[in-house]
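Data first, discussion second: the structure below is written as structure tokens.
Rule-based calculations on the coordinates, nothing more; no lab input. As the structure is a computational prediction, the values presented were derived from the model and not from experiment. Cβ: placed from backbone, ideal geometry, glycine included. Neighbour counts: every protein chain shown.
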Amino acid sequence: MSLRGSHDVELRYGINPQQRRTEVAPVRPGAWPVRLLNGEPSFINMLDALNAWQLVGEASTALGKPAAASFKHVSPAGAAVSGSLDEATRELYGLGDAPVGELASAYLRARDADPKSSYGDFAAVSHPVDDELADVLARVICDGVIAPGYAPGTAERLGKKKNGRFLVLEADGTFAPPPRESREVFGLRLSQDRDQVPLTRDLFTLRHGELPAAATDDLLLGLAVLRYTQSNSVCYVRDGVTLGIGAGQQSRVDCTRLAGAKADTWWLRRHPVVRALDFRPGVKRQDRINWQVRFIEGDLTPDEENRLAEVLGTPATALGPQERARWLGTLTGVSFVSDGALPFRDNVDHAQRHGVSYIAEPGGSIRSDDVETACREHGIALAHTGLRLFHH
């Protein structure tokens, strides 16, 4: 199968396997935004790839750094720009003190944002895949990658994963999408203008406090992430990495709490007690990740308690509520971004529990004054963007 030409191309299957007849075709005859180098994509694979590619492209343009995203079910599990890797991430991927290039660091940081959810992800990077990133992708459980190019031999090497079924897509970095977009639902065609507002630092109108340059960059990354995350959505960002993304909830405060719990888990994975969990030799990386998360969550079933004991060489040291609270209290400097206006102050009250120091939201709700008051009470800087970023 080749994603080229001007005619429909059959996909592996639709959103579900029983939806067998599934095609993809360019809106403008012959104008394909991607080229298939290996594999046979499904409907969801294409949605993940196209959304993820747009996210990393906009994030990289806005911040001037390589960007990466780890996508699952048409929303990012994590996203990041290039930067340093902390000891917890280095330990997880067995990197030691070895230097890591910008592109590989961006993907490792994105994947480590929520490594439980990133199992079997679709990866996207803003720059051509190099040998180093290909090595990383070859060692993790990942279903495919989209990038604007590939170093010699890397696409062929990656194509051998999953018995030759690993998806390798090459994005056309010069492709300009049509100004209008459409979808068909239950016999109706819905059309609208494409949202093409550039994501720049000029969007932020400060309402309270101060925004350091690093916080502004984190808020910009958050805007790029939420533009391609199922709404309602919010995200927590720190040092160029999403710590928690809440997607597709009917209640915005539920998004805030869900993403906040993910941010807490990210930070607790760095606690010495969690890092010291003594897994037996042969326990796979993803199993270690999943057990770390369940240990942190703490509500293990009797069966899980037995299975955790089986994979540990020595019993785990308890992580009590007081120590948890103390450790979580050391998380600071987090930025919080909302794709829609915060309707109540409860979002701010919950967000501050997860180290939030900066908030960006569209503003304009009937209770915006209450939201600003809450930010002042908690010492949180508040910026309005005037830009709603719903994505459905």
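So, in Å, what gap is there between the alpha-carbon centers of region 68-104 and region 160-228? Each part reduced to its Cα centre gives a spacing of 20 Å. Candidate cross-link partners of K65 among the lysines, defined by an alpha-carbon separation under 30 Å and a same-chain spacing of 8 or more, comprise K116, K160, K161, K262.
Ranked by the mean number of other Cβ atoms within 10 Å of their residues, highest first, the peptides 184-194, 110-120 fall in the order 110-120, 184-194.
More than 23 Å apart: what percent of Cα pairs in region 9-176 qualify? Please list the in-between numbers first.
On the way: 4853 of 14028 pairs.
Roughly 35 percent, once rounded to a whole number.
By the beta-carbon count within 10 Å of each Cβ, the least crowded to most crowded order of C235, C375, fewest first, is C375, C235. Within the listed set P343, P302, P198, the residue fluctuating most in the Gaussian network model of the chain (springs between alpha-carbon atoms under 10 angstrom) is P302. For D369, D86, D121, the sequence from fewest to most other C-beta atoms within 10 Å is D369, D86, D121.
Build a GNM of the chain with springs between Cα atoms under 10 Å apart, and of L308, L167, L47 the one that fluctuates most is L308. Dipole of region 271-327 computed with +1 at Lys/Arg Cβ and -1 at Asp/Glu Cβ about the Cα centre; of L300, A318, P272, farthest Cα towards the positive end is P272.
Think of each Lys and Arg Cβ as +1 and each Asp and Glu Cβ as -1; about the Cα centre, that makes the dipole of region 9-176 roughly 640 debye.
Taking the DSSP beta bridges with both ends in the chain, the antiparallel portion is around 70 percent.
Distance from the C-alpha centroid of region 269-336 to that of region 1-67: 37 Å, rounded to the whole angstrom. Listed from fewest to most Cβ neighbours within 10 Å, the set I146, I366 follows the order I366, I146.
Taking R0 as 30 Å, what's the FRET efficiency between R139 and R35 from their Cβ-Cβ distance, rounded to 0.05? Before the final figure, lay out each step's value.
Working: r = 25 Å, r/R0 = 0.84.
Efficiency, from the Cβ-Cβ distance: 0.75.
Taking packing as the residue-averaged number of other Cβ atoms within 10 angstrom, the listed peptides 66-72, 332-338 run from highest to lowest as 66-72, 332-338.
The length gained by stretching the chain between R285 and T174 to full extension, at 0.36 nm per residue less their Cα-Cα distance, is 36.2 nm. With the largest listed first and rounded to whole Å, the semi-axes of the equivalent ellipsoid of region 344-387 from the Cα gyration tensor are 16, 11, 9. Dividing the convex hull volume of the alpha carbon atoms of region 271-327 by its residue count gives 78 Å³ per residue.
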